[in-house]
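Engineer: Can you keep this structure in mind? I'll have questions shortly.
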Amino acid sequence: MSDPFVHLDAFIHSAEDGGFSAAARRLGLTPAGVSKNVARLEANLGVRLFRRSTRKLSLTEEGEQLLREVAEPWHRIQDAMAVVRQGANHAAGPLKVALAPAVGRMHFVPMLAAFRERYPEVLPDLHFDNRQVDLIAEGFDVAIGGGVELPQGVVARELTRVRIVLAASPAYLARRGTPAHPDDLAAHDGIARRSIRTGRLQTLTLRDDAGRVAPYDCRPVAVLDDPEAMAHAAAAGLGIALLPAPHAGPLLADGRLVRILPDWYAETGPLFLYYSSRRLLPAKTRVFVDFVVERFREQGLAAHFSG
């Protein structure tokens, strides 16, 4: 690339990745080289784009304006060049994927062998995390998760709706009795969930297929931010938990948990495959998305998420 484009590339990656060092790793340069390229862009424009300190790099007002104007077109240009370079129908290269840990291990890792057999030149690079990742800033090609907000520049394919079910251990129910109606929950110990995104306790409403609704009103005895950990806490007899069906399923199947109030459930948002909305989606991302949707349908996996 000519110098102006090198300088612009350094600026965009430094802004999106949060610093010169992170941008340098992405671009295969030294942090000093990235800093020098940004400084040359600033000199050409006659404005400061970053506020620099020993501990922090932040955009100036002019830097924020420039990033808004150029980042998306620049990424689209790079995508277009990459697609042309590798061939629009040739899927190859590393594929960085973010997945919710338990759901990823149970349902998506088993797909990898068949995916690699079909697309041997794609290298899946899986990252397991319960939080919603920033696809662009963190360099992910695609993510799989539920309960996510779709920011501007991101599109999604819905895989299924996730049902949340009530469960407790046999030991807890033997000790405290089994609720017969949602009104009975107020007398029971509950395992509450804190949202990783907001830091607040989740509040969910129970419903049944007849359209009735009721509050979920257990008395919290512990607060966790991971649904798999909540399932194991419930299996250990700590109390009643509202659990996503795929997290509760294995423990219900082996008897460590018992579903209570089986006619009642809660719902969160869909389970999504989500990825950048850039028009020229790289072939490796496109084939992965299509493969997962196909396998999800063929294997009837939606049933595992609906309780």
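The values are calculated or read from the model by the stated rules, or taken from the named source; none is laboratory data. It should be emphasised that the depicted structure is a prediction, and the values quoted were computed from it without experimental measurement. Neighbour counts run over all protein chains shown; Cβ positions are idealised from the backbone, glycine included. Side chains are part of the model used for accessible areas, which takes the heavy atoms of the whole protein and leaves out ligands, DNA and RNA. Shrake-Rupley method; radii C 1.70, N 1.55, O 1.52, S 1.80 Å.
Engineer: Which of the numbered conditions does residue 131 fail, given that it passes all the others? Conditions: (1) touching a Lys or Arg at 6+ places or on another chain (Cβ under 8 Å); (2) farther than 23 Å from residue 23 by Cβ; (3) at pLDDT below 90.
Structural biologist: All conditions are met except number (2).
Engineer: Separate question: Report yes if residue 250 is open to solvent by 50 Å² or more (accessible area, probe 1.4 Å), assigned to a helix (DSSP H, G or I) and modelled with pLDDT under 95, otherwise no.
Structural biologist: On the way: open to solvent by 50 Å² or more (accessible area, probe 1.4 Å): yes; assigned to a helix (DSSP H, G or I): yes; modelled with pLDDT under 95: yes.
Criteria met by residue 250.
Engineer: Return the only residue of 268, 285 being assigned to a strand (DSSP E or B) and polar (S, T, N, Q). Spell out the reasoning first.
Structural biologist: On the way: 285 fails: assigned to a strand (DSSP E or B).
One residue alone meets the criteria, 268.
Engineer: Only one of 211, 199, 237 is open to solvent by less than 30 Å² (accessible area, probe 1.4 Å) and out of contact with any Pro (no Cβ under 6 Å at 6 or more places or on another chain). Can you tell me which?
Structural biologist: 237
Engineer: Moving on to the next point. May I ask you to list pairs of residues, at least six apart or on different chains, whose Cβ atoms are under 7 Å apart, with the first in region 213-226 being free of Cβ contacts under 8 Å to residues at least 24 places away in the same chain and the second being in a strand (DSSP E or B) and surrounded by 15 or more Cβ atoms within 10 Å (Cβ to Cβ)?
Structural biologist: From residues that are free of Cβ contacts under 8 Å to residues at least 24 places away in the same chain, the pairs are 213/206; 213/207.
Engineer: I need the full set of residues from region 50-81 which are buried (at least 17 other Cβ atoms within 10 Å of the Cβ), aliphatic (A, V, I, L, M) and either modelled with pLDDT of 95 or more or assigned to a helix (DSSP H, G or I) (or both), in order please.
Structural biologist: Of everything in region 50-81, those that are buried (at least 17 other Cβ atoms within 10 Å of the Cβ), aliphatic (A, V, I, L, M) and either modelled with pLDDT of 95 or more or assigned to a helix (DSSP H, G or I) (or both) turn out to be 66, 67, 71.
Engineer: Run down 171, 283 and say which single residue is of a type in the set (Gly, Ala, Ser) and buried (at least 16 other Cβ atoms within 10 Å of the Cβ). Before you say what the answer is, go through the steps one by one.
Structural biologist: Values: 171 fails: buried (at least 16 other Cβ atoms within 10 Å of the Cβ).
Only one candidate passes the filter, namely 283.
Engineer: Filter region 13-25 down to the residues that are part of a helix (DSSP H, G or I) and surrounded by fewer than 20 Cβ atoms within 10 Å (Cβ to Cβ), then identify the one that is nearest to the chain's Cα centre (by Cα). Quick ask: steps written out before the conclusion?
Structural biologist: Step one: filter region 13-25 for residues part of a helix (DSSP H, G or I), giving 13-17, 20-25.
Next, from what is left, pick out any that are surrounded by fewer than 20 Cβ atoms within 10 Å (Cβ to Cβ): 16, 21-22, 25.
On the way: 16: 18, 21: 25, 22: 21, 25: 23 Å.
Checking each candidate, the answer is 16.
Engineer: In addition: Quick one: would you say residue 43 is open to solvent by 70 Å² or more (accessible area, probe 1.4 Å), at pLDDT 90 or above, farther than 20 Å from residue 277 by Cβ and among the hydrophobic types (A, V, I, L, M, F, W, C)? Quick ask: steps written out before the conclusion?
Structural biologist: Numbers: open to solvent by 70 Å² or more (accessible area, probe 1.4 Å): yes; at pLDDT 90 or above: yes; farther than 20 Å from residue 277 by Cβ: yes; among the hydrophobic types (A, V, I, L, M, F, W, C): yes.
Criteria met by residue 43.
Engineer: Something else: Out of region 26-44, which residues are in a helix (DSSP H, G or I), out of contact with any Asp or Glu (no Cβ under 8 Å at 6 or more places or on another chain) and of a type in the set (A, V, I, L, M)?
Structural biologist: Residues satisfying the conditions are 32, 34, 38, 39, 41, 43.
Engineer: Any residue in region 33-60 that's over 14 Å from residue 3 (Cβ atoms) and in contact (Cβ under 8 Å) with a residue 12 or more places away in the chain: show its pairings with residues that are part of a loop (DSSP other than H, G, I, E, B) and open to solvent by 20 Å² or more (accessible area, probe 1.4 Å) at Cβ separation under 9 Å, as long as the two are six or more apart or on different chains.
Structural biologist: 57/18; 60/47; 60/48
Engineer: When residues of region 118-132 are filtered for being touching an Asp or Glu at 6+ places or on another chain (Cβ under 8 Å) and loosely packed, with under 15 Cβ neighbours inside 10 Å, how many remain? Don't jump to the end; show me each part of the working.
Structural biologist: Start the filter on region 118-132 by keeping residues that are touching an Asp or Glu at 6+ places or on another chain (Cβ under 8 Å), which leaves 130, 132.
Next cut, loosely packed, with under 15 Cβ neighbours inside 10 Å only: none.
The number of residues fulfilling the criteria is 0.
Engineer: Given the conditions (1) farther than 23 Å from residue 133 by Cα; (2) surrounded by 15 or more Cβ atoms within 10 Å (Cβ to Cβ); (3) touching a Lys or Arg at 6+ places or on another chain (Cβ under 8 Å), and given that residue 3 satisfies all but one, which numbered condition is not satisfied?
Structural biologist: Condition (2) is where residue 3 drops out.
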